[in-house]
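Trainee: Take this structure, written in structure tokens, and hold onto it; I'll ask about it next.
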Amino acid sequence: MGDRMIFVALGTQKFQFNRLLKAIDFMVKDRQIKDKVFAQIGNSTYRPKSFEYARFLTINEYNQYIKECDIIITHAGVGTILEGKKFKKVVIVVPRLSKYGEHVDDHQLEIAEDFAKKKLVLMCRNLKELPLLIKESKNSQLVDYVPNNKSFILKLKKAIENL
């Protein structure tokens, strides 16, 4: 077993993400991933056999996994990405794709590409790359996320004024 902990967070959306769970399950069984894995699988119907999981977590459980893990593998849910960055975790994003029934459109691809371009996350375009991304994540040159609250407040103020 590897010395790191991987938290797979798939959110609470009504869509399944069986493709990612099956890939990780196979990779753990095949020892391509040797680290400890725990997954929050949401509404996925696939049940992993090679690692522990829960469908949903309380907010306290979720926060505990975020704090304790070394790597977060997640869909392109902005909340999970930002939470991982807040705790200075390596975040690997696997966007949900509409062609697999994982979402209604491919907006997650755009989100993942944007975060990856800014060097905030590692983006996994092909699940076969996942073990290598995990291995290389120790040496990744990701940057910390610095929220731009001032800009947000100005935009919000302007939007309210225009109502």
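Laboratory data are not the source of any read-out in this text; all were calculated from the coordinates shown. Source: prediction; values computed, not measured. Positions of Cβ are backbone-derived with ideal geometry, glycine not excepted, and every protein chain shown enters the neighbour counts.
Trainee: Between helix 107-117 and the chain, what is the angle of the helix's C-alpha long axis to the longest principal axis, kept within 0 to 90° and rounded to the nearest 10?
Mentor: The angle comes out near 90 degrees.
Trainee: Count the net charge of all other residues whose Cβ sits under 9 Å from the Cβ of P95, scoring Lys and Arg as +1 and Asp and Glu as -1. Could you put the intermediate results ahead of the total?
Mentor: Details: positive: R96, R125; negative: E102, D106, E110, E113.
Net of charged neighbours comes to -2.
Trainee: Continuing with this model, one more query. Need one word for segment 8-47: rounded, prolate or oblate. Basis is the Cα gyration tensor (sqrt eigenvalues a ≥ b ≥ c); a/c below 1.5 gives rounded, then a/b vs b/c decides. Provide the component values of the computation, followed by the final result.
Mentor: Values: a/c = 3.33, a/b = 1.94, b/c = 1.72.
Prolate, since a/c reaches 1.5 and a/b exceeds b/c.
Trainee: I need the peptides 128-139, 75-86, 52-63 ranked by packing, meaning the mean over residues of other C-beta atoms within 10 angstrom, with the highest value on top.
Mentor: Values: 128-139: 15.1, 75-86: 18.9, 52-63: 12.6.
Result, highest mean Cβ count within 10 Å first: 75-86, 128-139, 52-63.
Trainee: Place a +1 charge on the Cβ of each Lys and Arg in the chain and a -1 charge on the Cβ of each Asp and Glu, then give the dipole magnitude about the Cα centre in debye, rounded to the nearest 20.
Mentor: Numbers: 29 positive and 19 negative charges, 23 e Å.
Computed charge dipole of the chain: roughly 100 debye.
Trainee: I've got another one for you. Work through the residues other than L127 whose Cβ is under 12 Å from its Cβ and net out their charges, Lys, Arg +1 and Asp, Glu -1. Before the final figure, lay out the partial values.
Mentor: On the way: positive: R19, K22, R125, K128; negative: D25, E129.
Taking every other residue near L127 into account, the sum is +2.
Trainee: So, one more: How tilted is helix 18-29 with respect to the longest principal axis of the chain? Cα atoms for both, answer in degrees (0 to 90, nearest 10).
Mentor: Helix 18-29 and the main axis of the chain meet at about 40 degrees.
Trainee: If the cut-off is 16 Å between C-alpha atoms, which lysines fall inside it for K89, apart from same-chain ones fewer than 8 positions away?
Mentor: Correct list for K89: K36, K67, K118, K119, K135, K138.
Trainee: Further question: Can you tell me the relative contact order of the chain? Whole percent, Cα pairs under 8 Å, sequence separation 6 or more.
Mentor: Working: 259 pairs, mean separation 32.3, N = 163.
It rounds to 20 percent for the chain.
Trainee: With the cut-off at 27 Å, tell me which of the pairs K88/K117; K99/K158; K34/K99 have Cα atoms farther apart than that.
Mentor: On the way: K88/K117 18 Å; K99/K158 38 Å; K34/K99 30 Å.
As for pairs spanning more than 27 Å Cα to Cα, those are K99/K158; K34/K99.
Trainee: Starting from the exponent 0.38 and prefactor 2.2 Å, build the expected Rg for the chain from its residue count and divide its actual Cα Rg by it.
Mentor: This ratio for the chain stands at 1.07.
Trainee: Okay, next question. Quick check on segment 53-126: take the gyration tensor over C-alpha atoms, sort the square-rooted eigenvalues as a ≥ b ≥ c, and tell me if it's rounded (a/c under 1.5), prolate or oblate. Mind showing how you got there, number by number?
Mentor: Working: a/c = 2.27, a/b = 1.32, b/c = 1.72.
Oblate shape, in that a/c is at least 1.5 and b/c is the bigger or equal ratio.
Trainee: Relative to the longest principal axis of the C-alpha atoms of the chain, give the angle of the C-alpha long axis of helix 149-161, reported between 0 and 90° and rounded to the nearest 10°.
Mentor: 50
Trainee: What number in nm² do you get for segment 16-70 if you take the convex hull of its Cα atoms and divide its surface by four? Before the final figure, lay out each step's value.
Mentor: On the way: hull surface 14.9 nm².
Mean orientational projected area (segment 16-70, Cα hull): 3.7 nm².
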